[in-house]
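What follows is calculated from the coordinates using simple rules that are stated; it is not laboratory data. Not measured: the values here are computed from a predicted model. Please note: Cβ atoms are built from the backbone with ideal geometry, for glycine as well, and neighbour counts cover all protein chains shown.
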Amino acid sequence: MKYQARSAAASRALGMTGKTLSYLVMGIFTAMTVYPIIWLLYNSFKSTTEFRVDKVGFPDRWIAVNYPGAWKVGEFGTYLPNSILYTVSATAGVLFFAIIAGFAFAKIRSRATPVLYGSFVMGILLSIQSVMVPLFIEVSQLDNLLGRLFEALGLMKASGFHLFYNTRLGMILIYIGSGLPMAIYLATEYIKGIPNALVEAARMDGASYFKIFSSIILPMAAPIATTIAILNVPAIWNEFALINIIISKNELKSLPLGIMRFDGARATDYGKIFAALVVGMAPMLVFYIIFRKQITKGVTGGAVKG
């Protein structure tokens, strides 16, 4: 009995030690994540002179004018709505096409399925940097070709015609295309876990593939759809390289390009720089705070098929 009591006490002590160490490690990582955000926030209320004197402490005098100044210099009144439009539209497009394609690849078998699925999945291996120049040339040449065609038909002049380059439509399509390889892979592998008996039973009852998709597949694919949205929303919101080469019109640019305005001569105006970074970061923080429960469910649900 004494041995059992000692063994139980040792197990409890070991368990408490393990739990304490786990909380300690999680606390350290939480502090490492949260502190830079807090540091950025309170430094955005400092003047440049005060920041140079004390980079760690809280402001002696909180200066709110950094935010109106950063908003004006970065032209966030124009760039912020563009970022919202690009992020919402492109994410919705990726979700729509990925779930439909995932359903087709997973449940509608044909000889072309492996080839088409493999061509999409292969896109995961391509980095943004490797396709930037070819993509720019392709978009420019496609606009040129369409412009000449419309001019030959007498519809409009080819000069100045842009359907994909320097347009919101072109940028949204590019974001959708860049997000589809990973999204289609995730959606296909998840939908494969949905029992085939459900699809076969619906087909025997006379349901069309569209009805099966809308009534069975789409509701059951909600967890993986959430996971895909989690991956795409911050990626599109923070994207800089592609939009920097595809968009040259100032009124079509996004928030990261507005933050880039603080480079060069304005790089020493630390208060406005930090304020601009807070403006760019705040929507993503709000997104995670509002949808934290859905994000947690989406990640855990999307990780398990069926």
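Of note:
- Placing +1 on the Cβ of every Lys and Arg and -1 on the Cβ of every Asp and Glu, with no other charges, gives region 73-212 a dipole of roughly 360 debye about its Cα centre.
- Rounded to the nearest 20 debye, the dipole size of the chain about its Cα centre is 1000 debye, using +1 on the Cβ of Lys and Arg and -1 on the Cβ of Asp and Glu.
- Whole-Hz couplings from phi, Karplus 6.51/-1.76/1.60, listed for region 174-183; x for Gly and Pro: 5, 5, 4, x, 6, x, 5, x, 5, 5
- Positive minus negative residues near Val53 (Lys, Arg vs Asp, Glu; Cβ under 14 Å): +1
- Which of Ile174, Gly160, Leu126, positive extreme of dipole for the chain (C-beta unit charges): Leu126
- Burial ranking of peptide ranges 164-177, 220-233, 102-115 (average Cβ count within 10 Å, highest at the top): 220-233, 164-177, 102-115
- Stretching Ile38 away from Tyr288 to a fully extended chain increases their span by 88.4 nm, per 0.36 nm per residue minus the current alpha-carbon distance.
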